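Worksheet: one structure, shown below.
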Amino acid sequence: MALPIPVSAILLCFLSIFSTVIESRLTPFSSKNVQGTKWAVLVAGSKGYENYRHQADVCHAYQILKRGGLKDENIVVMMYDDIAHNAANPTPGIIINKPNGTNVYAGVPKDYTGEQVTPKNLLAVLLGDKGAVTGGSGKVVSSGPNDSIFLYYADHGAPGSLAMPSGDELYAHDLIATLEKKHAARSYRSMVIYVEACEAGSMFDGLLPKGLNVYVTTASNPDESSWATYYDDHYQTYLGDLYSVSWLENSDEENSQTETLEQQYKVVKLRTFDQYIGSHVMQYGDVRLSGEPVSAYMGMNHNSMKFTPMDNQLTYRQSPATVPVLQRDADVLYLMEKFRRAAEGSEKRAEARKKLNEELSRRMHIDHVIKTIGEHLFGAERASEVLNTVRPTGKPIVDDWNCLKTLVGTYKAHCGTLSSYGLKYMRSFANMCNAGVHEDQMALALAQACS
């Protein structure tokens with residue numbers, strides 16, 4: 001006859017099984033399992049002194065990662081690098097990210113600069129494909145299955161795309177395909193992506209599948225602008241972006257080992273939007289990963305200072321130097337300030353007036369061209385409705401991404417660049433595709449609109 005099993009043994013067995021089940025349900029990014037290398041890719045997608053803030057954001061991000069213990073060999077920086085030594089910079093060789101801020105440019109690697117900052121190079125860097133990069137340091141994310149990756153992008157955006165200073169735009173479809181390929185190769189364990197751009201949510205909404213072990217937060221939802229902030233009288237430009245300085249300053253001030261990504265998301269969301277100004281910070285992908293500490297991606301910052309979102313928000317509301325503005329308005333406001341500050345009758349004032357008028361004329365021209373195209377294709381009564389249609393949440397802006405690329409390429413061939421302002425019409429091009437417009441139809445409409 002079998003001997004009875006002691007109750008204590010049964011209880012011990014149960015606890016063992018229970019603990020195993022609980023452990024298996026922990027995210028793969030549990031601090032217990034964090035053993036691999038931390039990688040980071042930092043991208044400023046603009047050029048020109050009027051876009052100072054994007055490179056300032058990226059340089060600040062580098063300083064946080066470096067302080068957190070990441071090695072330069074594991075940080076890839078892509079930026080045009082035309083700000084620090086720009087003739088308009090009153091402090092040559094120095095970039096700051098807030099008024100009276102410290103130099104964030106010091107020591108930043110120059111992996112890909114100038115014309116090397118392209119969508120092609122960025123995607124190759126993410127895939128770890130050295131053979132596909134052109135120029136630059138050749139550094140890529142040579143990550144393994146136990147490694148974590150942090151990708152941060154700051155610049156102008158548009159529905160379904162992100163701007164780059166060289167080459168075409170980075171399209172959402174291509175970014176998602178790259179993430180899927182990276183995941184299929186089992187060449188990372190987890191990835192966190194922060195995106196500062198207008199309509200940034202459209203890069204992921206309805207496109208990023210769960211299960212890739214990718215967690216994303218964006219500065220804006222799929223249908224709104226993000227915001228520039230920290231205008232500085234001495235530098236005569238905006239020094240940062242609202243979403244970006246929110247997470248960057250939070251990372252400076254909080255203990256990254258105890259603060260989770262979710263806590264940071266909530267702080268940034270609160271600071272980036274209120275009833276008067278700002279955008280809706282969004283999250284996509286495997287949101288469960290937000291329970292992980294910030295240090296799992298940005299390294300260990302042992303600061304114990306506590307960041308109080310509401311107090312900080314009140315501070316910037318009360319200071320004229322830090323009132324945020326829409327990203328797409330920042331360029332015009334920069335030019336207006338240049339004109340306003342130039343001496344009456346001076347060559348500088350005349351030049352500033354010329355550049356301001358050129359920018360305003362360029363914007364009016366793009367508005368007119370898109371309106372004319374819409375009326376040619378859909379008639380005056382339906383044009384506005386078709387071009388401005390916003391698809392419901394969870395549905396990508398376009399069904400046929402090749403069509404979108406083709407129509408945008410056709411526009412550029414006939415009418416020239418869209419510019420950061422004109423990128424807002426990417427949704428109009430997507431809606432043309434969704435309505436069945438073909439390249440030959442587009443070419444005919446453009447011939448009339450841009451003649």
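The table below gives the values:
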{"quantity": "Mean accessible surface per residue for the stretch 73-139, computed with a 1.4 Å probe while every protein chain stays in place, in Å²", "calculated": "41 Å²"}
{"quantity": "Estimated Rh, the chain: Kirkwood, alpha-carbon pairs, angstrom", "calculated": "23.3 Å"}
{"quantity": "Accessible area expressed per residue, the stretch 140-293, with surrounding protein chains retained (probe 1.4 Å, Å²)", "calculated": "29 Å²"}
{"quantity": "Unit Cα scatterers, Debye sum, the stretch 32-99: log10 I(q)/I(0) for q = 0.13, 0.16, 0.20, 0.26 Å⁻¹", "calculated": "-0.41, -0.58, -0.81, -1.15"}
{"quantity": "The stretch 326-451 - charge dipole about Cα centre, Lys and Arg +1 at Cβ, Asp and Glu -1, debye rounded to 20", "calculated": "500 debye"}
{"quantity": "Per-residue ³J(HN,Hα) for the stretch 348-355, Karplus 6.51 cos²θ - 1.76 cosθ + 1.60, θ = phi - 60°, Hz, x for Gly and Pro", "calculated": "4, 5, 5, 5, 5, 5, 4, 5"}
{"quantity": "In the stretch 179-219, trypsin sites (Lys or Arg not before Pro) in a DSSP loop with at most 16 other beta-carbon atoms within 10 Å", "calculated": "186, 210"}
{"quantity": "For residue 46, distant residues with modelled amide H under 5 Å away", "calculated": "80"}
{"quantity": "Cα-projected label distance for residue 346 with residue 73, points at 7 Å along beta-carbon direction, nm", "calculated": "5.1 nm"}
{"quantity": "Reachable lysines from residue 348, criterion Cα separation under 24 angstrom, eight or more residues apart if same chain", "calculated": "47, 338"}
{"quantity": "Amide H contacts of residue 240 (H built 1.01 Å from N, under 5 Å, at least 5 apart or other chain)", "calculated": "229"}
{"quantity": "Eligible aspartates and glutamates near residue 405 by straight Cα distance, threshold 15 Å, same-chain separation 8 or greater", "calculated": "168, 169, 174, 439, 440"}
{"quantity": "Across 98/139; 110/355; 269/424, pairs whose alpha-carbon gap is larger than 27 Å", "calculated": "98/139; 110/355"}
{"quantity": "The chain, accessible surface, carbon-and-sulfur percent (1.4 angstrom probe)", "calculated": "55 percent"}
{"quantity": "In degrees, nearest ten, helix 242-253 long axis to first principal axis of the chain (Cα)", "calculated": "40 degrees"}
{"quantity": "Percent of beta bridges antiparallel (DSSP, the chain, rounded to nearest 5)", "calculated": "40 percent"}
{"quantity": "Using θ = phi - 60° and Karplus 6.51 cos²θ - 1.76 cosθ + 1.60, couplings along the stretch 395-412 (whole Hz; Gly, Pro as x)", "calculated": "10, x, 5, 9, 8, 10, 5, 5, 4, 4, 4, 5, 5, 5, x, 5, 4, 4"}
{"quantity": "Estimated FRET transfer efficiency when R0 is 25 angstrom, pair residue 210-residue 129 (beta carbons, to 0.05)", "calculated": "0.45"}
{"quantity": "The stretch 376-451: trypsin sites (Lys or Arg not before Pro) in DSSP loop, at most 16 other beta carbons within 10 Å", "calculated": "382"}
{"quantity": "Karplus 3J(HN,Hα) series, Hz, for the stretch 73-88 with 6.51 cos²θ - 1.76 cosθ + 1.60 (x for Gly, Pro)", "calculated": "5, 10, 10, 9, 10, 10, 7, 5, 6, 10, 9, 4, 10, 5, 4, 7"}
{"quantity": "For the stretch 149-240, radius of gyration divided by Kirkwood radius, i.e. Rg to Rh on alpha-carbons", "calculated": "1.04"}
{"quantity": "Helix-only [θ]222 nm of the chain, DSSP H runs n ≥ 4, -39500 (n - 2.57) each, per residue, nearest 500", "calculated": "-13000 deg cm²/dmol"}
{"quantity": "Amide hydrogen neighbours beyond the local backbone of residue 101, cut-off 5 Å, H modeled", "calculated": "none"}
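The values are calculated or read from the model by the stated rules, or taken from the named source; none is laboratory data. Please read these numbers as outputs of a predicted model, since none were measured by experiment. A quick note on method: Cβ atoms are made from the backbone with ideal geometry, for glycine too, and the neighbour counts reach across all protein chains shown. These accessible areas exclude ligands, DNA and RNA; they are computed on the full protein's heavy atoms, side chains included. Shrake-Rupley method; radii C 1.70, N 1.55, O 1.52, S 1.80 Å.
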